[in-house]
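Before any comments, here is the structure.
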Amino acid sequence: MIENLFLENVELAQNNIRLVPLSYEHEQGLAEACKDGELWRLRVTSAPHYLEVKNYIESALKQKAEGSRYPFVVIEESTGKILGSTSYHDLLFDVKRFEIGYTWYAKSVQRTHVNTTCKLLLFKFAFEQLEANTVALRTDQFNFKSQKAIERLGAKKDGIIRGNARRKDGTIRDTVMYSIVKGEWANVEAHLQYLLTSY
């Protein structure tokens, strides 16, 4: 069954970037990535405070054990440096719909090839190995940088879910939803490969 693919040690790699399953051994590297740009100060991202990375990992691994999330760390292959984290989540195997989220990167690698490469790897695995019908992404209504990045990937805006989540600062957010469907994947893949030639 397709679900069993997530019971294996899924690793994805391209362009000097490797996605490996998140574990406690990544705590220090993720803490350093958080410090790069003081990511915890951003109210519209999921990046933890660098002193709370262990709790972040614990929560992610609990969700993994429950079958609702598959978290990765993003590693620069040539140096072994941890650049951030990303996940599959809200895994709906019955309709083959998967979301990509909990994504954050050290500030020094933002606006580089890193996010495009990660999304290409995650989309490709979802559509070609998990046989996804739909791959979705979501972001805060005020995270305009993220919305622009998602739209640049070729995802289409589905709409806004009003008042569905609480931010780190306690305020309640509206969530902007995007998706790519199976029939669009070939064009999106070609687009992402093209984008990668421009870095």
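Just a few scattered comments:
- Taking Cβ atoms as reference points and 11 Å as the exclusive limit, the residues near VAL53 contribute a net charge of -2, counting Lys and Arg as +1 and Asp and Glu as -1.
- Sorting LEU92, LEU195, LEU137 by the number of Cβ atoms found within 10 Å of their own Cβ, with the fewest placed first, yields LEU92, LEU195, LEU137.
- GNM flexibility winner over the chain from ALA106, ALA149, ALA60 (Cα, springs under 10 Å): ALA149
- Net charge, TYR178 excluded, C-beta distance under 15 Å - Lys, Arg +1, Asp, Glu -1: +1
- Estimated at 0.36 nm per residue, the fully extended path between ALA13 and ILE160 surpasses their Cα-Cα distance by 49.7 nm.
- Here is the list for region 29-107: GluC sites (Glu not before Pro) lying in DSSP coil, each with at most 14 other C-beta atoms within 10 angstrom of its C-beta, are GLU38, GLU77.
- Amide proton proximity set for ARG69, modelled H, under 5 Å, gap of 5+: LYS64
- With contacts taken as Cα pairs under 8 Å and at least 6 residues apart, the chain reaches a relative contact order of 18 percent.
- Nonlocal amide H pairs with LYS81, under 5 Å, H built at 1.01 Å: GLU76
- Cross-link partners of LYS182 among aspartates and glutamates (Cα-Cα below 14 Å; sequence separation of 8 or more within a chain): GLU99, GLU128, GLU131
- A simple rule links phi to the HN-Hα coupling: the Karplus curve 6.51 cos²θ - 1.76 cosθ + 1.60 with θ = phi - 60°, which for region 91-97 gives 7, 9, 5, 5, 10, 6, 10 Hz, with x for Gly and Pro.
- In the chain, the DSSP beta bridges split such that about 90 percent are antiparallel, to the nearest 5.
- The chain: DSSP helices with Cα axial extent of at least 15 Å and average Kyte-Doolittle hydropathy no lower than 0.5: 113-128
Where a number appears in this text, it was derived from the coordinates with a stated rule and is not lab data. These numbers come from a predicted model, not from an experiment. Ideal geometry is used to build each Cβ from the backbone, glycine not excepted, and the neighbour counts take in all protein chains shown.
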